[in-house]
1. Quick one: length gained pulling Ser155 to Ala432 fully straight, 0.36 nm per residue minus the C-alpha distance?
2. Taking the chain as the reference, fit the longest principal axis to its C-alpha atoms, fit the long axis of helix 248-268 to the helix C-alpha atoms, and give the angle between the two in degrees, 0 to 90, nearest 10.
3. HN-Hα J couplings of segment 48-63 from phi, Karplus 6.51/-1.76/1.60, θ = phi - 60°, integer Hz, Gly and Pro as x?
4. Could you list which residues have their amide H under 5 Å from that of Gly421, counting only those 5 or more apart in sequence or on another chain, with H placed in the peptide plane?
5. With only Lys, Arg, Asp and Glu charged, each at its Cβ (+1 for the first two, -1 for the last two), find how big the charge dipole of segment 137-263 is about the Cα centre; round to the nearest 20 debye.
6. Measuring from label point to label point, each 7 Å out along Cα→Cβ, what is the Leu61 to Leu207 span in nm?
7. Positive end of the dipole of the chain, charges at C-beta (+1 Lys, Arg; -1 Asp, Glu), about the Cα centre: which of Gly56, Ser411, Leu251 has its Cα farthest in that direction?
8. Under the rule a/c < 1.5 gives rounded, and otherwise a/b versus b/c splits prolate from oblate, where does segment 364-442 land using the Cα gyration tensor?
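What follows draws every value from the coordinates through simple rules; no lab data is involved. Because the structure is a prediction, the values reported are computed rather than measured. Glycine gets a Cβ as well: all are built from the backbone with ideal geometry, and neighbour counts include every protein chain shown.
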Amino acid sequence: MRISLLVLSCLALGASNLARADAGLVNLYGIAQQRDPGFLAARAALDVGKEEKTIGRAALLPQISANFGMMRFDYELRTTTAPRTKHDYTNKSGGLQISQPLFEMERFATYEEGKAKAALAQAVFEEARQDLLLRLTQAYFNYLYAEDLLQLADSQHAAATEQLRAAERLVQAGAGSVTDIEESKARVALAQAQQAAARSSIEVRRLELGKMVGQVPVLRPLAAEPQLTLPEPQQPEQWLDAAGKQSPAVLRARMALDVHSRQEERARAGHWPTVNFVAALQKADEPNYYTVDDATLRWGVQMNIPIYEGGRTSALGRQATARRAQALHEVDAAREDSRIKASQAYLGVVNGVAQVAAYEQAVKSAEITRQGMEVGQQAGFRTNTDVLNAQQQYFAARRDLQRERYTYLVSRLQLQSVSGGAGEKDLAAIDALLVPASAAGR
């Protein structure tokens, strides 16, 4: 029995580790949609907004109400010609009222406003979905970059330490100088400071990612040499036009404009007369000296004509018109902002491809230079400083290369998002550039 439990525990642990190892962007995006507080708040706001349509429609439907009352009477009657008598009885009454709008422009406008508010809530939610996707991607690569910095700092520390030992051996042999030792110590101390900073950065980045996905699993790192491509289509104006028409911010601003347009219609409708069908059934039971059991049915059409409300209706109309004008300008602002963001993202992708290629060459050249300096020092025509500088240049080039790769990937996703919305297929395309889950062992 114990063996069976042990086997089951091992299998469960293995399955858990396997699930955690598949920590690509698509996998974490699904988790973040269930855990991120900001996105959950947006989802709740969507549920709130969806009810606006039902609330608006309710104004067009019959309004039915009922009432019921009961009152107990106990009294004594005294007269000069008859003995005192005691009376007690209970009055009961009840009624049913119904009202149905026949012509009421304000209620019709309220219904259209409710539909517009529901559409706005959906647009706001879609914008929140895009925000989550971008925040998650940025946090994912921020965490990977922090781990890269620690690995580079560890490698730089090891290289500087080895160089320090070599300098100490040369001094012991009478061929080196104390200056070489002190300079090597300085590089070791600098690498230690970078290690400490990288560890702190990892902890902060873990918290940022954990806010969205809970416990941070083992992430899939970027492949050693990912294939980076230019955007398709390659004409920037097409991306800018798409952003000006289809970006989440523009769609949300347009829905907000529609809401304000409906509110303006509702405010102007206050000048119109209203016509309603009304009906009421009232029944009363009053058992006294003259037992009464009365039932009354009233029905008809009721018209109300607004004449003067102190200027309130006109002021509400002017206010709604001004708000609609404000919303119209906000649409223009969102359109221009989206075009600017699309341009920045497009240039980030295009320039990113060129910069990554340049840094890849810089890393190769810096590696050759570093190796040459080490050989030259052993031959006696290169100094300790030359080797340390070459090492620093090499690790700096590797650091810059990783940063630009991550920047390129984020820019690519931003371009898709601002130009009409990114989705899981775009995350899957980035996942294809990561180390496979089976090989992820960071």
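1. On the way: separation 277, 0.36 × 277 = 99.72 nm, distance 2.77 nm.
My answer for the length gained is 97.0 nm.
2. Approximately 20 degrees, to the nearest ten.
3. 5, x, 4, 6, 4, 5, 5, 5, x, 5, 4, 5, 8, 8, x, 10
4. Those qualifying (amide H under 5 Å, at least 5 residues apart or on another chain) number zero.
5. Details: 13 positive and 15 negative charges, 126 e Å.
Magnitude of the dipole: close to 600 debye.
6. 4.9 nm
7. About the Cα centre, the residue reaching furthest to the positive side is Gly56.
8. Values: a/c = 5.51, a/b = 2.73, b/c = 2.02.
Prolate is the answer for segment 364-442, as a/c is 1.5 or above and a/b outweighs b/c.
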